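Undergrad: Questions regarding the structure given below will be posed in turn.
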Amino acid sequence: MSEVLPAHAAGKPIEIWFQDEARIGQKGTLTRLWARRGTRPRAPRDHRYDWVYLFGAICPMRAIGAALVLPFANAEAMDLHLQTISRHVMPGAHAVIVMDGAGYHQRTALNLPKNITILTLPSYSPELNPVENVWQFLRQNYLAIRVFDDYDAILDACCSAWNKLIAAPHTVASITQRHWAIHVSD
């Protein structure tokens, strides 16, 4: 990893973070339900088109996260999220943020905080990003089979879901830790 890190990160503790964003909205998400065999359970489904973007990042080793709920997904939003992550990095440490290669994730379009380095995942490999499991968990446990009244209801539901997840560090660690994503200092 030393070839990825800037010179000012040498000798500092390294935190590995995973970042992604999800669109949550009125279209909703269906999930599995218990039902008697041979029956088809009813589930509400909204066909309106209001949504928010939930930007989330997790540090599995510390079982913490940082998130923002925003109305758009672009380089400006990504900059805001990186600033938020930067404030959650342990003082004196340097964070390597693993993320996909979305157009607004390009280093040239971002104002990286000094305590962050970006490591881009290979194309078409979402299975390498544990935050995908976070989205699945949030949808299955807090955001599925719901009809949101309006934009504010979507915003409130996303904030509530994220806060419930982060309040359970054991859950954060269990769904995001990967044996291949552990950095041991020399």
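The values are calculated or read from the model by the stated rules, or taken from the named source; none is laboratory data. Remember, predicted model here, so these are calculated numbers, not experimental data. Glycine also receives a Cβ, built like all others from the backbone with ideal geometry; neighbour counts cover every protein chain displayed.
Undergrad: What tally of residues in the stretch 139-186 results from selecting those that are modelled with pLDDT of 95 or more, surrounded by 16 or more Cβ atoms within 10 Å (Cβ to Cβ) and not in a helix (DSSP H, G or I)?
TA: 0
Undergrad: Restricting the search to the stretch 82-102, which residues are surrounded by 19 or more Cβ atoms within 10 Å (Cβ to Cβ), not in a loop (DSSP other than H, G, I, E, B) and not β-branched (Val, Ile, Thr)?
TA: Leu82, His94, Ala95, Met99
Undergrad: Hey, among Val147, Val89, which residue is out of contact with any Leu (no Cβ under 9 Å at 6 or more places or on another chain), farther than 20 Å from Ile16 by Cβ, of a type in the set (A, V, I, L, M) and touching a residue at least 24 places away in the same chain (Cβ under 8 Å)?
TA: Val147
Undergrad: Another question about this same structure. Checking the condition at pLDDT 80 or above and either β-branched (Val, Ile, Thr) or farther than 26 Å from Val147 by Cα (or both), which residue from Pro60, Pro71 passes?
TA: Numbers: Pro71 fails: either β-branched (Val, Ile, Thr) or farther than 26 Å from Val147 by Cα (or both).
Selected residue: Pro60, the only one of Pro60, Pro71 that is at pLDDT 80 or above and either β-branched (Val, Ile, Thr) or farther than 26 Å from Val147 by Cα (or both).
Undergrad: I'd like the full set of residues that are part of a loop (DSSP other than H, G, I, E, B) and in contact with a helix residue (DSSP H, G or I) (Cβ under 8 Å, 6 or more places away or on another chain), limited to the stretch 107-128.
TA: The initial filter retains those residues of the stretch 107-128 that are part of a loop (DSSP other than H, G, I, E, B), namely 110-115, 121-125.
Those that are part of a loop (DSSP other than H, G, I, E, B) and in contact with a helix residue (DSSP H, G or I) (Cβ under 8 Å, 6 or more places away or on another chain): Leu110, Asn111, Leu112, Pro113, Lys114, Asn115, Leu121, Pro122.
Undergrad: When you check Asp79 against the structure, is it charged (D, E, K, R), under 16 Å from the mean Cα position of the chain (by Cα) and crowded, with 19+ Cβ neighbours inside 10 Å, yes or no? If you could, list the steps in order and put the result at the bottom.
TA: Values: charged (D, E, K, R): yes; under 16 Å from the mean Cα position of the chain (by Cα): yes; crowded, with 19+ Cβ neighbours inside 10 Å: no.
Answer is no for this residue.
Undergrad: Do you know which of the residues in the stretch 17-33 that are farther than 20 Å from Leu68 by Cβ and β-branched (Val, Ile, Thr) is modelled with the lowest pLDDT?
TA: Step by step, filter the stretch 17-33, then rank; the result is Thr29.
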